[in-house]
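Notes follow the structure.
What follows is calculated from the coordinates using simple rules that are stated; it is not laboratory data. Since the model is a prediction, treat every value here as computed from it, not as a measurement. Positions of Cβ are generated from backbone atoms using ideal geometry, with glycine treated the same way; all protein chains shown enter the neighbour counts.
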Amino acid sequence: MKFPEKFVSASAVAALTAGIGVGLVFGILLPKLISAQSEGVVDYEKAATIFAPEERVKTADAGDSPEDILSFEVPPGAKGYDGPALARSMTLEPREAWLSWMQTNRNDKPGFLEERYQLAMNFIESSELKRPDDVRAFLLAPREHFVRERNRGLEYADTWLPIGYGATITDPDVVAMMTTSLNINPGDRVLEIGTGSGYQSAILSYLTQEVYTIEIIKPLYIETDKLYRDLEKSFPSYGGISRKLGDGYYGWEKYAPFDKIIVTCAIDHIPPPLLKQLKPGGIMVLPLGPPQRQYIMQVTKEVAGDGAIILNRRDVYNGLRVKFIPFRNEEGTSYSAPAGTESTTAP
Ligand code: SAH
């Protein structure tokens, strides 16, 4: 999610122009890591020691009571939830043909359809939606079911909205842009950190059948799990979304590695376990930066012949900064790089 003020920090622009912005954004990294990164190479085993010391690593759920272990897991390769096939069968244009396809194939209210189509057109215009598959996925996801009752009338407003528990449903334009930046193809295994309302994963379910999502707030996890179960009757692809209650900092080892990872809570570093669970050639998109303002970064992981990890980073929002809900641990404390770490985040 992000708050409404979308602004470009003049100094951020200057920094980016100087060609060092991305490096700065990536900041709050120990000098060693910084020097490794300046060569474009990250030893993520070392990064893991730096950012995930022993006491942070969750080894077992031994102390958890059974109701704390909540998950819904779809076996990889399960059939019958084919969102991507539905998306590709959709008539995209002209608008009237799309409307009539949606009315034949789905039960959405015509007013919402008009608003959704208009948003999609706006995002194509602004390049926040680029690939046809992403446009199709966006057009299939009924945001009205993920926005809370009290926000009726704002379902297709281009803004974030509260969903309770201090969480938010992210602005549709940021959702569109982050989705497009993941470059998802059918068959990709995708992990989302921060299920929240469930809207982002609903979109993902039209791009690939292998969607995994983790939420840390228990009542929110339960609400969204119930929502997916209810919606599954009309929107079968949501029945293919694997989800669990837990701390997404550690990813979902059982289903790793992932082709794509999307983080929807703010953090000032790349969680090393997530980097580790990303396939070579994989893409991670995350709001990266200090608590108040993050850049939306696309990180591509390459593995060189000698095994070195190379990260290619791109600011996909052209220096605009957003404010996502903090990436927190189970005690409710925000994750940040350890005290004493050199901070280079403030441009
Ligand atoms: N994708 C969601 C965004 C919700 S806001 C949507 O569009 O609705 C970010 C979410 O990240 C919140 O629900 C918050 O509880 C969750 N979150 C924060 N820290 C987390 C963590 N360590 N693991 C999993 N989820 C986390």
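Do any GluC sites (Glu not before Pro) in the range 266-335 lie in a DSSP loop with no more than 15 other beta carbon atoms within 10 Å, and if so, which?
Filter output for the range 266-335: Glu330, Glu331.
As an exercise, use a Förster radius of 25 Å and the Cβ-Cβ distance of Glu331 and Arg148 to find the FRET efficiency, rounded to the nearest 0.05.
Working: r = 27 Å, r/R0 = 1.06.
Efficiency, rounded to the nearest 0.05: 0.40.
Based on the Cβ-Cβ distance from Asp158 to Asp306, what FRET efficiency comes out when R0 is 56 Å, to the nearest 0.05?
Details: r = 46 Å, r/R0 = 0.82.
In this case the efficiency is close to 0.75.
Using only the alpha carbons of the range 268-318, what is the convex hull's orientation-averaged projected area in square nanometres? List each step's numbers first, then the result.
Details: hull surface 14.5 nm².
Hull-based average projected area comes out at 3.6 nm².
Could you order the peptides 116-129, 91-104 from most to least packed, using the average number of other C-beta atoms within 10 Å per residue? Kindly include the intermediate steps, with their values, before the conclusion.
Values: 116-129: 17.6, 91-104: 13.1.
Order by mean packing, descending: 116-129, 91-104.
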For this session: Largest first and in whole Å, give the semi-axes of the range 147-243's equivalent ellipsoid, each being the square root of 5 times a Cα gyration tensor eigenvalue.
Result: 20, 16, 13
Problem set entry | Between the range 275-301 and the range 178-195, the Cα center-to-center distance that results, in Å | 12
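Structure shown: which of Lys233/Lys323; Lys109/Lys260; Lys226/Lys260 lie over 30 Å apart, alpha-carbon to alpha-carbon? If you can, show how the numbers build up before the last one.
On the way: Lys233/Lys323 34 Å; Lys109/Lys260 32 Å; Lys226/Lys260 25 Å.
Table pairs above 30 Å Cα-Cα are Lys233/Lys323; Lys109/Lys260.
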For this session: Tabulate in residue order the Karplus-calculated ³J(HN,Hα) for the range 140-146, using 6.51 cos²θ - 1.76 cosθ + 1.60 with θ = phi - 60°, rounded to whole Hz; enter x for Gly and Pro.
Result: 8, 8, x, 3, 4, 7, 9
Seminar exercise, completed: Sparse-neighbourhood loop hits (trypsin sites (Lys or Arg not before Pro), the range 196-293; DSSP loop; Cβ within 10 Å at most 10 others) -> Lys233
